[in-house]
Every structure is written in C-alpha cells, then in structure tokens.
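A.B. asks: Take this structure, written in structure tokens, and hold onto it; I'll ask about it next.
The values are calculated or read from the model by the stated rules, or taken from the named source; none is laboratory data. Source: prediction; values computed, not measured. All Cβ positions, glycine included, derive from the backbone under ideal geometry; neighbour counts span all protein chains shown. Heavy atoms of the whole protein, side chains included, go into the accessibility calculation; ligands, DNA and RNA do not. Shrake-Rupley method; radii C 1.70, N 1.55, O 1.52, S 1.80 Å.
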Amino acid sequence: MATECTLAIIKPDAVGRGLAGEILKKISEAKFQIVAIKSLRLTKSEAEGFYAVHRERPFFKDLTEFMSSGKVVVIALEAENAISRWRETMGATDPAKAAPGTIRNTFGTSIQNNCTHGSDAPETARFEIGYFFAGMELI
Ligand code: CMP
C-alpha cells in the first residue's frame, strides 16, 4: 500500500473547547506524519467553497455557519492508507454511532459538532489539501 495524504480539520467546537491538543495527541499515537498544519478562521464563503459538494444538502447553511464560527486547525496528514485510517480514527460522522474510543465518539456532541473532518477519497483529499496549503508548504 502506497503512502497517501489526507486533510484533517479540527473543527470550531473542538478548538473552542480546548481539545486541539488532545486530538493532535491521538493523531500522533495513530502514527500519522504531520506534513503541514495551520490554525485559521474561515469566512462563510470560504466554508461554502470547501463544502461545495454538500451545497444542496439541508444542513449546508448550518454547517457553513458553524465552520466559520471560530478557529479551526487544518492538517495535511501522511501515512499508508491515510484516508481510510484517519476516517477510522475519527469514527462515524454521528458521534452517537461512532465506535467507542474514536475521536468523534469521545469528544463529539452532535452530527454537526463532531469535532473533526477527514477527506473521503483521493480526489477529495487533493482538492481539500490544495484548498488550504500551497505546494511549497507541503514539501
Ligand atoms: P464532515 O465529515 O466534515 O462532512 C460534512 C459535515 O456535515 C459532517 O462532517 C457534519 O459535521 C455535517 N453534517 C451535519 N448534518 C449532517 C448530516 N445529516 N449528515 C452528514 N453530515 C452532516
């Protein structure tokens, strides 16, 4: 299995509750390499651009308001099988359905306020990493 990259986001609910350090520790324990990392606050229109694939979904307005409500930490992660491994580490989108010990089950409070995001496929990962990082930040 080749090394691959994925985009992780620590969302405003987790950053606001002081959980960024705990989540970074879980990333380290799960043996992901951090290729690039930054903390920033998205504008509403930047959040809309990032989640454009969901623009027809009923939760799009609430999601993009939430994602622009406070600081996030965006991280390019590298590992073998990084996309599926990060999704396993986070757990299911709904914290109530996520496996015990996963980040979303441990820290998430609702399907929206689920603490973290992860890319779902290689093309999505390329788009999402490129949304936040320039090529020279990823060397
Ligand atoms: P994320 O992995 O960032 O991808 C889209 C986000 O939309 C998801 O996590 C949730 O935070 C949010 N969301 C809100 N409601 C729903 C829903 N009903 N189904 C899926 N995602 C939802």
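A.B. asks: Could you figure out which of (1) in contact with a strand residue (DSSP E or B) (Cβ under 8 Å, 6 or more places away or on another chain); (2) open to solvent by 40 Å² or more (accessible area, probe 1.4 Å); (3) among the acidic types (D, E); (4) farther than 22 Å from E22 by Cα isn't true of E128?
C.D. replies: Only one criterion is unmet by E128, namely (2).
A.B. asks: Moving on. Taking the range 65-97, which residues are more than 22 Å from I129 (Cα to Cα) and surrounded by fewer than 20 Cβ atoms within 10 Å (Cβ to Cβ)?
C.D. replies: First, pick out the residues of the range 65-97 that are more than 22 Å from I129 (Cα to Cα): 94-97.
Result: D94, A96, K97.
A.B. asks: May I pose another question? Restricting to the range 112-125, name every residue that is of a type in the set (A, V, I, L, M) and surrounded by 15 or more Cβ atoms within 10 Å (Cβ to Cβ). Break it down stepwise before answering.
C.D. replies: Just the residues of the range 112-125 that are of a type in the set (A, V, I, L, M), to begin with: 121, 125.
The one that is of a type in the set (A, V, I, L, M) and surrounded by 15 or more Cβ atoms within 10 Å (Cβ to Cβ): A125.
A.B. asks: Something else: Could you please find all residues in the range 98-110 being within 12 Å of the ligand (Cβ to nearest atom) and surrounded by 15 or more Cβ atoms within 10 Å (Cβ to Cβ)? Show your work before the answer.
C.D. replies: Step one: list which residues in the range 98-110 are within 12 Å of the ligand (Cβ to nearest atom), which gives 98, 103-104, 108-110.
A98, I103, R104, G108 - these are the residues of the range 98-110 that are within 12 Å of the ligand (Cβ to nearest atom) and surrounded by 15 or more Cβ atoms within 10 Å (Cβ to Cβ).
A.B. asks: Here's another thing I want to ask about it. Among the numbered criteria (1) loosely packed, with under 13 Cβ neighbours inside 10 Å; (2) of a type in the set (D, E); (3) in contact (Cβ under 8 Å) with a residue 12 or more places away in the chain, which one does E29 miss?
C.D. replies: Evaluating E29 over (1) loosely packed, with under 13 Cβ neighbours inside 10 Å; (2) of a type in the set (D, E); (3) in contact (Cβ under 8 Å) with a residue 12 or more places away in the chain leaves (3) as the failure.
A.B. asks: Here's a follow-up. Restricted to the range 33-49, and to residues that are under 21 Å from G108 (Cα atoms) and within 13 Å of the ligand (Cβ to nearest atom), which residue is surrounded by the fewest Cβ atoms within 10 Å (Cβ to Cβ)? Break it down into steps so the answer makes sense when it comes.
C.D. replies: Kept after step one, since they are under 21 Å from G108 (Cα atoms), are these residues of the range 33-49: 39-42, 47.
After this cut, where a residue has to be within 13 Å of the ligand (Cβ to nearest atom) as well, the list is 42, 47.
Details: L42: 22, A47: 20.
It comes out as A47.
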